[in-house]
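The values are calculated or read from the model by the stated rules, or taken from the named source; none is laboratory data. Computed from a predicted structure; not experimentally measured. Note: ideal-geometry Cβ built from the backbone for every residue, glycine included; neighbour counts use all protein chains shown. Just so you know, the surface numbers come from the protein's heavy atoms only, side chains and all, with ligands and any DNA or RNA stripped out. Shrake-Rupley method; radii C 1.70, N 1.55, O 1.52, S 1.80 Å.
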Amino acid sequence: MHPHSHLSEQEIQRREKLAELNKLGIDAYPAESFVINTSARDILTHYHAEKIEFKNVSLAGRIMSVRDMGKAAFAVLQDATGKIQVYIRRDDICKTDDKTLYDTVFKKLLDIGDIIGVSGFVFTTKMGETTIHVEEMKLLSKALKPLPIVKEKDGETFDAVTDPEFRYRQRYVDLIINPVVKDTFEKRTRLMNTIRKFYNDKGYLEVDTPVLQAIPGGAAARPFVTHHNTLDIPMYLRIANELYLKRLIVGGFDGVYEFSRNFRNEGMDRTHNPEFTVMELYVAYKDYDWMMDLTEELLEKIALELHGTTEVKVGDKLIDFKRPFKRITMFDAIKDHTGINISGMEEDELRAVCKQLKIEVDSNIGKGKLIDEIFSETCEAQFIQPTFITDYPVEMSPLTKKHRSKPGLVERFELMINGKELANAYSELNDPIDQRMRFEEQMKLMERGDDEAMFIDHDFLRALEYGMPPTAGIGIGIDRLVMIMTNQPSIQDVLLFPQMRPEAVAAQEAEFDDSNNA
(Lines give C-alpha, C1' and ligand atoms only; values in the text may rest on other atoms or scores of the structure.)
Protein backbone atom coordinates (compact mmCIF):
# COMPACT_ATOMS: atom_id res chain seq x y z
CA MET A 1 0.00 0.00 0.00
CA HIS A 2 1.27 3.50 -0.84
CA PRO A 3 2.28 5.40 2.34
CA HIS A 4 0.01 8.31 1.38
CA SER A 5 -3.01 6.24 0.29
CA HIS A 6 -5.05 7.16 3.40
CA LEU A 7 -4.41 10.91 2.96
CA SER A 8 -6.64 13.44 1.24
CA GLU A 9 -5.39 15.35 -1.79
CA GLN A 10 -4.81 18.44 0.37
CA GLU A 11 -2.82 16.44 2.92
CA ILE A 12 -0.62 14.99 0.16
CA GLN A 13 -0.03 18.48 -1.30
CA ARG A 14 0.97 19.85 2.11
CA ARG A 15 3.48 17.07 2.60
CA GLU A 16 4.92 17.81 -0.85
CA LYS A 17 5.22 21.49 0.13
CA LEU A 18 7.01 20.44 3.32
CA ALA A 19 9.53 18.50 1.21
CA GLU A 20 10.04 21.59 -1.00
CA LEU A 21 10.69 23.73 2.08
CA ASN A 22 13.28 21.21 3.26
CA LYS A 23 14.99 21.37 -0.15
CA LEU A 24 15.19 25.16 0.19
CA GLY A 25 16.88 24.67 3.58
CA ILE A 26 13.89 26.11 5.46
CA ASP A 27 13.11 24.34 8.73
CA ALA A 28 9.30 24.14 8.98
CA TYR A 29 9.55 23.44 12.72
CA PRO A 30 12.43 25.62 14.02
CA ALA A 31 13.68 25.01 17.55
CA GLU A 32 14.62 28.52 18.67
CA SER A 33 12.19 30.86 20.48
CA PHE A 34 10.33 33.52 18.53
CA VAL A 35 10.27 36.76 20.52
CA ILE A 36 6.76 38.24 20.82
CA ASN A 37 6.15 41.72 22.24
CA THR A 38 2.44 42.27 21.64
CA SER A 39 -0.86 40.55 20.83
CA ALA A 40 -3.71 41.02 18.36
CA ARG A 41 -6.00 42.23 21.17
CA ASP A 42 -3.40 44.68 22.50
CA ILE A 43 -2.89 46.28 19.08
CA LEU A 44 -6.60 46.44 18.21
CA THR A 45 -7.46 47.88 21.64
CA HIS A 46 -4.70 50.45 22.05
CA TYR A 47 -3.35 51.48 18.62
CA HIS A 48 -3.91 54.85 17.05
CA ALA A 49 -1.72 56.51 14.45
CA GLU A 50 0.29 58.67 16.89
CA LYS A 51 1.33 55.76 19.08
CA ILE A 52 5.04 55.28 18.47
CA GLU A 53 5.22 52.09 20.61
CA PHE A 54 3.58 50.25 17.70
CA LYS A 55 6.48 51.01 15.31
CA ASN A 56 8.31 47.77 16.16
CA VAL A 57 5.86 44.98 16.90
CA SER A 58 6.51 41.26 16.84
CA LEU A 59 3.64 38.78 16.82
CA ALA A 60 3.03 35.12 15.93
CA GLY A 61 -0.15 33.41 14.85
CA ARG A 62 -1.96 31.05 12.54
CA ILE A 63 -2.75 32.09 8.95
CA MET A 64 -6.56 32.12 8.69
CA SER A 65 -6.97 33.72 5.26
CA VAL A 66 -4.91 35.30 2.45
CA ARG A 67 -5.87 37.89 -0.19
CA ASP A 68 -3.22 37.81 -2.95
CA MET A 69 -2.55 41.08 -4.82
CA GLY A 70 0.42 40.01 -6.90
CA LYS A 71 3.53 41.58 -5.36
CA ALA A 72 1.74 42.12 -2.05
CA ALA A 73 -0.92 40.36 -0.01
CA PHE A 74 -3.20 40.86 2.95
CA ALA A 75 -3.51 37.97 5.41
CA VAL A 76 -5.34 37.42 8.67
CA LEU A 77 -3.36 35.97 11.59
CA GLN A 78 -4.98 34.51 14.70
CA ASP A 79 -3.11 34.40 17.99
CA ALA A 80 -4.37 33.43 21.46
CA THR A 81 -6.20 36.77 21.82
CA GLY A 82 -7.92 37.10 18.44
CA LYS A 83 -7.40 37.97 14.78
CA ILE A 84 -5.46 40.79 13.14
CA GLN A 85 -4.79 41.72 9.53
CA VAL A 86 -1.21 41.79 8.23
CA TYR A 87 0.12 43.36 5.02
CA ILE A 88 3.00 41.48 3.36
CA ARG A 89 4.85 43.16 0.47
CA ARG A 90 7.37 41.28 -1.63
CA ASP A 91 10.14 43.91 -1.50
CA ASP A 92 9.77 44.47 2.26
CA ILE A 93 10.34 40.86 3.31
CA CYS A 94 12.86 40.21 0.47
CA LYS A 95 15.28 43.13 0.77
CA THR A 96 17.86 41.68 -1.69
CA ASP A 97 17.42 40.43 -5.26
CA ASP A 98 16.51 36.98 -3.89
CA LYS A 99 12.69 36.98 -3.81
CA THR A 100 12.34 33.27 -2.84
CA LEU A 101 10.79 34.02 0.56
CA TYR A 102 7.84 35.81 -1.05
CA ASP A 103 7.51 34.27 -4.52
CA THR A 104 8.07 30.64 -3.52
CA VAL A 105 7.66 30.25 0.25
CA PHE A 106 4.82 32.65 0.98
CA LYS A 107 2.87 32.36 -2.29
CA LYS A 108 3.35 28.68 -3.08
CA LEU A 109 4.42 26.72 0.00
CA LEU A 110 2.43 28.28 2.85
CA ASP A 111 -1.19 27.32 3.56
CA ILE A 112 -4.14 28.34 5.69
CA GLY A 113 -3.43 26.96 9.17
CA ASP A 114 0.36 27.43 9.03
CA ILE A 115 1.86 29.34 11.95
CA ILE A 116 4.17 32.25 11.17
CA GLY A 117 5.96 34.95 13.13
CA VAL A 118 5.95 38.52 11.80
CA SER A 119 7.54 41.80 12.84
CA GLY A 120 6.95 45.29 11.51
CA PHE A 121 4.87 48.39 12.28
CA VAL A 122 1.17 49.06 12.71
CA PHE A 123 -0.80 51.31 10.36
CA THR A 124 -4.42 51.91 9.37
CA THR A 125 -5.51 50.95 5.82
CA LYS A 126 -7.64 53.18 3.58
CA MET A 127 -10.57 51.01 4.64
CA GLY A 128 -9.86 51.97 8.25
CA GLU A 129 -8.55 48.55 9.35
CA THR A 130 -5.71 48.36 11.88
CA THR A 131 -3.01 46.28 10.19
CA ILE A 132 0.58 45.14 10.73
CA HIS A 133 2.90 46.12 7.87
CA VAL A 134 5.27 43.14 7.84
CA GLU A 135 9.01 43.77 7.50
CA GLU A 136 10.19 40.28 8.51
CA MET A 137 8.43 36.92 8.33
CA LYS A 138 9.39 33.46 9.61
CA LEU A 139 7.66 30.09 9.27
CA LEU A 140 7.20 28.56 12.74
CA SER A 141 5.05 25.49 12.03
CA LYS A 142 3.70 23.87 8.86
CA ALA A 143 0.16 22.47 9.20
CA LEU A 144 -0.24 19.12 7.43
CA LYS A 145 -4.03 18.96 7.81
CA PRO A 146 -6.39 21.63 6.43
CA LEU A 147 -8.74 23.48 8.77
CA PRO A 148 -12.50 23.17 8.16
CA ILE A 149 -13.69 26.18 6.14
CA VAL A 150 -15.60 28.75 8.19
CA LYS A 151 -16.95 31.79 6.33
CA GLU A 152 -16.97 35.22 7.95
CA LYS A 153 -18.46 38.53 6.86
CA ASP A 154 -18.59 41.82 8.78
CA GLY A 155 -17.41 40.05 11.93
CA GLU A 156 -20.23 37.46 11.69
CA THR A 157 -19.39 33.76 11.46
CA PHE A 158 -21.22 31.58 8.92
CA ASP A 159 -21.05 27.82 8.47
CA ALA A 160 -19.53 27.42 11.96
CA VAL A 161 -18.64 23.80 12.62
CA THR A 162 -21.43 22.54 14.91
CA ASP A 163 -21.05 18.75 14.67
CA PRO A 164 -20.47 17.70 18.31
CA GLU A 165 -18.73 14.45 17.29
CA PHE A 166 -16.07 16.54 15.50
CA ARG A 167 -15.96 19.44 18.02
CA TYR A 168 -15.55 17.36 21.19
CA ARG A 169 -13.22 14.75 19.69
CA GLN A 170 -10.98 17.33 17.99
CA ARG A 171 -11.26 20.12 20.55
CA TYR A 172 -7.93 21.54 19.34
CA VAL A 173 -9.56 22.31 15.97
CA ASP A 174 -12.78 23.51 17.61
CA LEU A 175 -10.79 26.10 19.58
CA ILE A 176 -9.09 27.36 16.39
CA ILE A 177 -12.21 27.77 14.26
CA ASN A 178 -14.85 28.61 16.92
CA PRO A 179 -13.19 31.36 19.00
CA VAL A 180 -16.28 31.72 21.25
CA VAL A 181 -15.44 28.26 22.67
CA LYS A 182 -12.26 29.66 24.23
CA ASP A 183 -14.35 32.22 26.11
CA THR A 184 -16.25 29.41 27.89
CA PHE A 185 -13.02 27.88 29.18
CA GLU A 186 -11.54 31.23 30.19
CA LYS A 187 -14.74 31.85 32.19
CA ARG A 188 -14.39 28.38 33.75
CA THR A 189 -10.93 29.28 35.06
CA ARG A 190 -12.13 32.69 36.30
CA LEU A 191 -15.00 30.95 38.11
CA MET A 192 -12.66 28.51 39.85
CA ASN A 193 -10.26 31.32 40.78
CA THR A 194 -13.18 33.29 42.26
CA ILE A 195 -14.05 30.31 44.46
CA ARG A 196 -10.40 29.93 45.51
CA LYS A 197 -10.08 33.60 46.46
CA PHE A 198 -13.42 33.53 48.32
CA TYR A 199 -12.32 30.57 50.47
CA ASN A 200 -8.69 31.66 50.84
CA ASP A 201 -9.81 35.10 52.10
CA LYS A 202 -11.80 33.29 54.80
CA GLY A 203 -8.70 31.38 55.87
CA TYR A 204 -9.61 27.95 54.48
CA LEU A 205 -6.78 25.75 53.18
CA GLU A 206 -6.72 24.18 49.71
CA VAL A 207 -5.45 20.58 49.94
CA ASP A 208 -4.85 17.49 47.79
CA THR A 209 -6.18 14.04 48.76
CA PRO A 210 -5.76 10.65 47.04
CA VAL A 211 -7.38 9.95 43.67
CA LEU A 212 -6.41 6.27 43.88
CA GLN A 213 -8.15 4.83 46.93
CA ALA A 214 -8.23 1.43 48.62
CA ILE A 215 -11.90 2.00 49.52
CA PRO A 216 -14.17 4.21 47.38
CA GLY A 217 -16.12 6.35 49.86
CA GLY A 218 -17.98 9.59 50.36
CA ALA A 219 -20.82 9.01 47.90
CA ALA A 220 -23.30 6.49 46.56
CA ALA A 221 -21.89 5.59 43.14
CA ARG A 222 -20.37 2.76 41.11
CA PRO A 223 -16.56 3.12 41.04
CA PHE A 224 -13.94 2.36 38.41
CA VAL A 225 -11.74 -0.47 39.69
CA THR A 226 -8.12 -1.24 38.84
CA HIS A 227 -5.35 -3.40 40.30
CA HIS A 228 -2.17 -2.43 42.10
CA ASN A 229 0.45 -4.99 41.05
CA THR A 230 2.98 -4.48 43.87
CA LEU A 231 0.42 -4.57 46.68
CA ASP A 232 -1.70 -7.13 44.79
CA ILE A 233 -4.94 -5.44 45.82
CA PRO A 234 -7.86 -3.82 43.99
CA MET A 235 -7.76 -0.01 43.90
CA TYR A 236 -10.51 2.43 43.01
CA LEU A 237 -10.58 5.82 41.32
CA ARG A 238 -12.23 8.16 43.80
CA ILE A 239 -15.97 8.75 43.59
CA ALA A 240 -15.57 11.55 46.18
CA ASN A 241 -12.95 13.02 48.51
CA GLU A 242 -15.24 13.60 51.49
CA LEU A 243 -13.84 11.04 53.93
CA TYR A 244 -10.26 12.30 53.49
CA LEU A 245 -11.23 15.93 54.04
CA LYS A 246 -13.09 14.96 57.23
CA ARG A 247 -9.94 13.18 58.45
CA LEU A 248 -8.19 16.57 58.11
CA ILE A 249 -10.89 18.22 60.23
CA VAL A 250 -10.17 15.52 62.86
CA GLY A 251 -6.48 16.41 62.50
CA GLY A 252 -7.12 20.00 63.55
CA PHE A 253 -7.69 22.07 60.40
CA ASP A 254 -10.64 24.44 60.83
CA GLY A 255 -11.47 24.72 57.13
CA VAL A 256 -10.24 22.66 54.13
CA TYR A 257 -11.34 22.50 50.50
CA GLU A 258 -10.32 20.68 47.33
CA PHE A 259 -11.19 20.82 43.65
CA SER A 260 -11.65 17.07 43.25
CA ARG A 261 -11.60 15.23 39.92
CA ASN A 262 -14.04 12.39 40.60
CA PHE A 263 -14.77 9.25 38.57
CA ARG A 264 -18.04 7.30 38.42
CA ASN A 265 -18.55 4.24 36.24
CA GLU A 266 -22.06 5.21 35.23
CA GLY A 267 -24.11 6.63 32.36
CA MET A 268 -23.21 9.54 30.10
CA ASP A 269 -25.66 12.26 29.10
CA ARG A 270 -25.95 16.06 28.87
CA THR A 271 -25.18 16.50 32.59
CA HIS A 272 -23.01 13.43 33.31
CA ASN A 273 -19.45 12.58 32.27
CA PRO A 274 -17.48 9.61 33.75
CA GLU A 275 -14.95 12.08 35.17
CA PHE A 276 -16.07 15.41 36.55
CA THR A 277 -15.00 18.14 38.97
CA VAL A 278 -16.49 18.76 42.39
CA MET A 279 -15.35 21.38 44.89
CA GLU A 280 -15.74 20.07 48.45
CA LEU A 281 -15.40 22.30 51.52
CA TYR A 282 -15.49 21.35 55.23
CA VAL A 283 -15.57 23.92 58.04
CA ALA A 284 -15.40 22.98 61.75
CA TYR A 285 -17.92 24.22 64.33
CA LYS A 286 -20.55 25.11 61.66
CA ASP A 287 -23.85 23.53 60.55
CA TYR A 288 -25.92 23.24 57.37
CA ASP A 289 -27.85 26.49 58.04
CA TRP A 290 -24.55 28.39 58.10
CA MET A 291 -23.45 26.57 54.92
CA MET A 292 -26.62 27.72 53.09
CA ASP A 293 -25.76 31.34 53.89
CA LEU A 294 -22.14 30.88 52.75
CA THR A 295 -23.24 29.20 49.50
CA GLU A 296 -25.62 32.04 48.66
CA GLU A 297 -22.80 34.51 49.24
CA LEU A 298 -20.41 32.54 47.01
CA LEU A 299 -22.80 32.07 44.05
CA GLU A 300 -23.90 35.70 44.10
CA LYS A 301 -20.21 36.68 44.02
CA ILE A 302 -19.48 34.35 41.05
CA ALA A 303 -22.40 35.76 39.03
CA LEU A 304 -21.23 39.32 39.67
CA GLU A 305 -17.60 38.45 38.82
CA LEU A 306 -18.49 36.78 35.49
CA HIS A 307 -21.48 38.89 34.40
CA GLY A 308 -21.49 42.10 36.43
CA THR A 309 -25.06 41.27 37.52
CA THR A 310 -26.81 38.62 39.61
CA GLU A 311 -29.09 37.77 36.66
CA VAL A 312 -27.70 35.09 34.35
CA LYS A 313 -29.27 33.99 31.07
CA VAL A 314 -29.57 30.19 30.80
CA GLY A 315 -31.29 29.03 27.62
CA ASP A 316 -34.56 30.95 27.45
CA LYS A 317 -34.59 31.56 31.22
CA LEU A 318 -33.19 34.32 33.42
CA ILE A 319 -31.82 32.92 36.68
CA ASP A 320 -31.25 35.35 39.56
CA PHE A 321 -28.47 34.62 42.07
CA LYS A 322 -29.36 37.54 44.36
CA ARG A 323 -29.48 36.45 48.01
CA PRO A 324 -31.43 34.99 49.75
CA PHE A 325 -32.47 31.81 47.88
CA LYS A 326 -35.78 30.00 48.44
CA ARG A 327 -35.73 27.12 51.00
CA ILE A 328 -38.19 24.18 51.17
CA THR A 329 -38.05 20.73 52.81
CA MET A 330 -37.90 17.63 50.61
CA PHE A 331 -41.22 16.24 51.90
CA ASP A 332 -42.97 19.60 51.37
CA ALA A 333 -41.58 19.77 47.82
CA ILE A 334 -42.94 16.27 47.05
CA LYS A 335 -46.30 17.16 48.65
CA ASP A 336 -46.49 20.43 46.63
CA HIS A 337 -45.84 18.66 43.32
CA THR A 338 -47.71 15.35 43.81
CA GLY A 339 -50.30 16.07 46.49
CA ILE A 340 -48.93 13.07 48.43
CA ASN A 341 -47.45 13.33 51.94
CA ILE A 342 -44.82 10.56 52.05
CA SER A 343 -43.60 11.56 55.52
CA GLY A 344 -43.43 8.48 57.75
CA MET A 345 -44.09 5.98 54.93
CA GLU A 346 -42.34 2.59 54.96
CA GLU A 347 -40.80 0.81 51.96
CA ASP A 348 -43.98 -0.98 50.82
CA GLU A 349 -46.02 2.23 50.94
CA LEU A 350 -43.32 4.09 48.99
CA ARG A 351 -43.33 1.36 46.31
CA ALA A 352 -47.10 1.81 46.02
CA VAL A 353 -46.62 5.58 45.58
CA CYS A 354 -44.05 4.92 42.82
CA LYS A 355 -46.56 2.66 41.09
CA GLN A 356 -49.31 5.30 41.46
CA LEU A 357 -46.99 7.95 39.95
CA LYS A 358 -45.84 5.53 37.18
CA ILE A 359 -42.22 5.65 38.36
CA GLU A 360 -40.32 2.45 37.50
CA VAL A 361 -37.99 1.28 40.30
CA ASP A 362 -35.78 -1.79 40.81
CA SER A 363 -36.82 -4.31 43.44
CA ASN A 364 -33.36 -4.21 45.09
CA ILE A 365 -33.40 -0.56 46.17
CA GLY A 366 -34.33 0.52 49.69
CA LYS A 367 -36.41 3.26 51.26
CA GLY A 368 -33.91 6.07 50.69
CA LYS A 369 -33.50 5.36 46.98
CA LEU A 370 -37.31 5.13 46.55
CA ILE A 371 -37.78 8.61 48.05
CA ASP A 372 -34.92 9.89 45.88
CA GLU A 373 -36.65 8.50 42.76
CA ILE A 374 -39.96 10.12 43.70
CA PHE A 375 -38.28 13.50 44.23
CA SER A 376 -36.17 13.21 41.05
CA GLU A 377 -39.10 12.26 38.83
CA THR A 378 -41.72 14.69 40.17
CA CYS A 379 -39.92 17.71 41.65
CA GLU A 380 -36.35 18.27 40.51
CA ALA A 381 -37.12 19.78 37.09
CA GLN A 382 -39.53 22.31 38.65
CA PHE A 383 -36.84 24.24 40.53
CA ILE A 384 -35.43 26.75 38.03
CA GLN A 385 -34.47 29.61 40.38
CA PRO A 386 -31.87 28.72 43.06
CA THR A 387 -33.68 26.70 45.75
CA PHE A 388 -32.36 24.83 48.79
CA ILE A 389 -34.14 21.49 49.31
CA THR A 390 -33.66 20.63 52.99
CA ASP A 391 -34.15 17.89 55.59
CA TYR A 392 -33.70 14.55 53.82
CA PRO A 393 -34.68 11.08 55.12
CA VAL A 394 -31.93 9.39 57.16
CA GLU A 395 -31.87 6.39 54.75
CA MET A 396 -30.71 8.66 51.90
CA SER A 397 -27.85 10.21 53.81
CA PRO A 398 -25.38 7.80 55.49
CA LEU A 399 -22.81 10.53 56.30
CA THR A 400 -25.19 13.18 57.68
CA LYS A 401 -26.05 14.17 61.25
CA LYS A 402 -29.57 13.33 62.43
CA HIS A 403 -31.93 16.31 62.50
CA ARG A 404 -31.92 18.17 65.81
CA SER A 405 -35.77 18.32 65.95
CA LYS A 406 -37.27 16.07 63.22
CA PRO A 407 -37.04 12.30 63.91
CA GLY A 408 -36.18 10.17 60.87
CA LEU A 409 -34.59 13.10 59.00
CA VAL A 410 -31.07 14.49 58.65
CA GLU A 411 -29.59 17.99 58.40
CA ARG A 412 -28.88 18.02 54.69
CA PHE A 413 -29.62 20.31 51.76
CA GLU A 414 -29.25 20.12 48.02
CA LEU A 415 -29.18 23.25 45.90
CA MET A 416 -31.36 23.02 42.78
CA ILE A 417 -30.83 25.41 39.87
CA ASN A 418 -32.35 25.14 36.39
CA GLY A 419 -33.96 21.83 37.31
CA LYS A 420 -30.70 20.11 38.33
CA GLU A 421 -28.83 19.46 41.56
CA LEU A 422 -25.82 21.76 41.80
CA ALA A 423 -24.65 21.22 45.38
CA ASN A 424 -25.07 18.74 48.24
CA ALA A 425 -24.32 19.69 51.85
CA TYR A 426 -24.61 18.34 55.38
CA SER A 427 -24.22 18.99 59.02
CA GLU A 428 -21.63 16.21 59.05
CA LEU A 429 -22.15 13.04 61.09
CA ASN A 430 -19.44 13.01 63.78
CA ASP A 431 -20.83 10.29 66.07
CA PRO A 432 -18.60 7.24 65.36
CA ILE A 433 -21.12 4.71 66.75
CA ASP A 434 -23.98 6.11 64.65
CA GLN A 435 -21.66 6.24 61.62
CA ARG A 436 -20.71 2.56 62.01
CA MET A 437 -24.41 1.59 62.13
CA ARG A 438 -25.14 3.66 58.99
CA PHE A 439 -22.28 1.94 57.12
CA GLU A 440 -23.66 -1.46 58.21
CA GLU A 441 -27.08 -0.49 56.79
CA GLN A 442 -25.30 0.34 53.50
CA MET A 443 -23.65 -3.11 53.49
CA LYS A 444 -27.12 -4.71 53.76
CA LEU A 445 -28.20 -2.71 50.69
CA MET A 446 -25.06 -3.88 48.85
CA GLU A 447 -25.97 -7.50 49.68
CA ARG A 448 -29.45 -6.85 48.21
CA GLY A 449 -27.78 -5.88 44.93
CA ASP A 450 -27.48 -2.08 45.18
CA ASP A 451 -24.17 -1.49 43.35
CA GLU A 452 -24.06 2.15 44.51
CA ALA A 453 -24.19 1.38 48.25
CA MET A 454 -21.20 2.50 50.35
CA PHE A 455 -18.30 0.35 51.51
CA ILE A 456 -17.35 0.39 55.21
CA ASP A 457 -14.22 2.52 55.68
CA HIS A 458 -12.75 1.26 58.97
CA ASP A 459 -9.92 3.80 59.00
CA PHE A 460 -12.44 6.65 58.65
CA LEU A 461 -14.38 5.21 61.61
CA ARG A 462 -11.13 5.07 63.59
CA ALA A 463 -10.50 8.74 62.76
CA LEU A 464 -13.98 9.68 64.02
CA GLU A 465 -13.27 7.83 67.29
CA TYR A 466 -10.48 10.34 67.98
CA GLY A 467 -13.18 13.04 67.89
CA MET A 468 -14.32 15.21 64.96
CA PRO A 469 -15.75 18.61 65.87
CA PRO A 470 -19.24 19.49 64.60
CA THR A 471 -18.65 20.33 60.94
CA ALA A 472 -20.50 21.67 57.91
CA GLY A 473 -19.54 20.24 54.52
CA ILE A 474 -20.56 20.88 50.92
CA GLY A 475 -19.82 19.56 47.44
CA ILE A 476 -20.51 21.85 44.46
CA GLY A 477 -20.58 20.42 40.93
CA ILE A 478 -18.14 22.68 39.10
CA ASP A 479 -19.03 21.45 35.59
CA ARG A 480 -22.75 22.07 36.13
CA LEU A 481 -22.04 25.46 37.67
CA VAL A 482 -19.93 26.40 34.62
CA MET A 483 -22.77 25.21 32.33
CA ILE A 484 -25.13 27.64 34.08
CA MET A 485 -22.68 30.55 34.26
CA THR A 486 -21.67 30.23 30.56
CA ASN A 487 -25.13 29.28 29.20
CA GLN A 488 -23.99 25.92 27.80
CA PRO A 489 -26.60 23.17 27.35
CA SER A 490 -24.30 20.16 27.74
CA ILE A 491 -21.52 19.12 30.11
CA GLN A 492 -19.43 18.24 27.03
CA ASP A 493 -19.38 21.98 26.18
CA VAL A 494 -17.62 22.87 29.45
CA LEU A 495 -15.06 20.02 29.46
CA LEU A 496 -12.08 20.60 27.22
CA PHE A 497 -11.80 16.89 26.43
CA PRO A 498 -15.06 15.10 27.28
CA GLN A 499 -15.16 11.31 27.32
CA MET A 500 -16.15 9.93 23.89
CA ARG A 501 -16.92 6.53 22.45
CA PRO A 502 -13.89 5.02 20.64
CA GLU A 503 -13.70 6.54 17.17
CA ALA A 504 -14.19 3.22 15.34
CA VAL A 505 -17.36 2.48 17.35
CA ALA A 506 -18.75 5.97 16.71
CA ALA A 507 -18.07 5.62 12.97
CA GLN A 508 -19.85 2.25 12.82
CA GLU A 509 -22.87 3.68 14.64
CA ALA A 510 -23.01 6.64 12.25
CA GLU A 511 -22.95 4.23 9.27
CA PHE A 512 -25.73 2.16 10.87
CA ASP A 513 -27.83 5.31 11.42
CA ASP A 514 -27.25 6.42 7.81
CA SER A 515 -28.28 3.03 6.41
CA ASN A 516 -31.41 2.99 8.58
CA ASN A 517 -32.35 6.50 7.47
CA ALA A 518 -31.78 5.75 3.79
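Label reach from D459 (point 7 Å along Cα→C-beta): in region 187-210, amide nitrogens under 12 Å belong to 210. Taking only protein heavy atoms and a 1.4 Å probe, the accessible area of the chain is 51% carbon and sulfur. If a spin label sat at a point 7 angstrom from the Cα of F497 along the line to its beta carbon, the backbone N atoms of region 252-275 nearer than 17 Å would be those of 261-263, 273-275. For the chain, the per residue solvent-accessible surface stands at 51 Å², with DNA, RNA and ligands left out and a 1.4 Å probe.
Think of the chain as a dipole: +1 on every Lys or Arg Cβ, -1 on every Asp or Glu Cβ, centred on the Cα centre; then among N193, Y392, H337, N193 lies furthest on the positive end. Whole angstrom only: what separates the Cα centroid of region 431-450 from the Cα centroid of region 287-331? The two parts, judged by their Cα centres, are 34 Å apart. Annotation note: GluC sites (Glu not before Pro) in region 115-152 located in DSSP loop regions with a Cβ neighbour count of at most 15 within 10 Å are E129. Taking 7 Å steps out from each Cα toward its Cβ at E135 and T189 produces label points 3.2 nm apart.
Residue separation of I36 and L318 scaled by 0.36 nm, minus their Cα-Cα distance, works out to 97.3 nm of gained length.
The shape of region 403-472 comes out oblate: with a ≥ b ≥ c from the C-alpha gyration tensor, a/c is at least 1.5 while a/b does not beat b/c.
Which of the pairs K71/K126; K55/K182; K83/K313; K17/K107; K197/K313; K71/K99 have their Cα atoms more than 22 Å apart in this structure? Too far apart for the 22 Å limit: K55/K182; K83/K313; K197/K313. Proximity of backbone amide H atoms, modeled 1.01 Å from N, is registered between N430 and no other residue at under 5 Å, excluding neighbours fewer than 5 places apart on the same chain. A cut-off of 5 Å between modelled amide H atoms, ignoring neighbours fewer than 5 places along the same chain, links M235 with T226, H227, H228.
The figure for L243 is an accessible area of roughly 10 square angstrom, using a 1.4 Å probe on the protein chains alone.
Simple point charges give the picture: +1 on the Cβ of Lys and Arg, -1 on the Cβ of Asp and Glu, and for the chain a dipole about the Cα centre of about 1400 debye. In terms of the mean number of neighbouring beta-carbon atoms within 10 Å, the peptides 462-474, 307-319 order highest first as 462-474, 307-319. Note on surface exposure: I359, I26 rank I26, I359 by accessible area, highest first, 1.4 Å probe. Under the shape rule built on the C-alpha gyration tensor, where the axes satisfy a ≥ b ≥ c, region 238-310 is oblate, since a/c reaches at least 1.5 while a/b does not exceed b/c. Taken about its Cα centre, region 79-130 carries a charge dipole of about 160 debye when Lys and Arg each add +1 at the Cβ and Asp and Glu each add -1 at the Cβ.
Here the 3J(HN,Hα) profile of region 165-173, calculated from phi with Karplus coefficients 6.51, -1.76 and 1.60 at θ = phi - 60°, is 4, 6, 5, 6, 6, 10, 4, 4, 6 Hz, Gly and Pro shown as x.
Candidates [x] 3, 15, 21, 20, 16, 12, 9, 4, 1, 0; [y] 4, 18, 26, 25, 18, 7, 1, 0; [z] 3, 16, 24, 21, 14, 8, 4, 3, 3, 2, 1, 0, 0; which is the computed P(r) over Cα pairs in 10 Å bins from 0, in percent? Comparing each candidate, only [x] matches the computed number. Taking a ≥ b ≥ c as the square roots of the eigenvalues of the alpha-carbon gyration tensor, region 355-450 is classed oblate because a/c is 1.5 or more while a/b is no larger than b/c. Once all protein chains are placed together, M437 keeps about 110 Å² accessible to a 1.4 angstrom probe. Backbone geometry of region 354-368 corresponds, through the Karplus equation with coefficients 6.51, -1.76 and 1.60 at θ = phi - 60°, to 3J(HN,Hα) couplings of 4, 4, 4, 8, 6, 9, 7, 9, 6, 6, 8, 9, x, 4, x Hz, x marking Gly and Pro. For the chain, the longest principal axis of the Cα atoms and the long axis of helix 432-448 meet at an angle of about 80 degrees.
Across region 65-77, coupling constants 3J(HN,Hα) worked out from phi with the 6.51/-1.76/1.60 Karplus curve, θ = phi - 60°, read 6, 9, 10, 7, 10, x, 8, 8, 7, 9, 9, 10, 9 Hz, and Gly and Pro carry x. Positive end of the dipole of the chain, charges at C-beta (+1 Lys, Arg; -1 Asp, Glu), about the Cα centre: which of A214, V134, L357 has its Cα farthest in that direction? Farthest along the dipole direction, towards plus: V134.
For region 263-398, the dipole from Cβ point charges (+1 on Lys and Arg, -1 on Asp and Glu) about the Cα centre works out to 320 debye, to the nearest 20.
M500 contributes an accessible area of around 50 Å² to the protein surface, as traced by a 1.4 Å probe with all chains present. Applying both filters, DSSP loop and at most 14 other Cβ atoms within 10 Å, to the chymotrypsin sites (Phe, Trp or Tyr not before Pro) of region 257-300 gives Y285. DSSP beta bridges confined to the chain are antiparallel in about 90 percent of cases.
Work through the residues other than K444 whose Cβ is under 15 Å from its Cβ and net out their charges, Lys, Arg +1 and Asp, Glu -1. Surrounding charge for K444 is -3.
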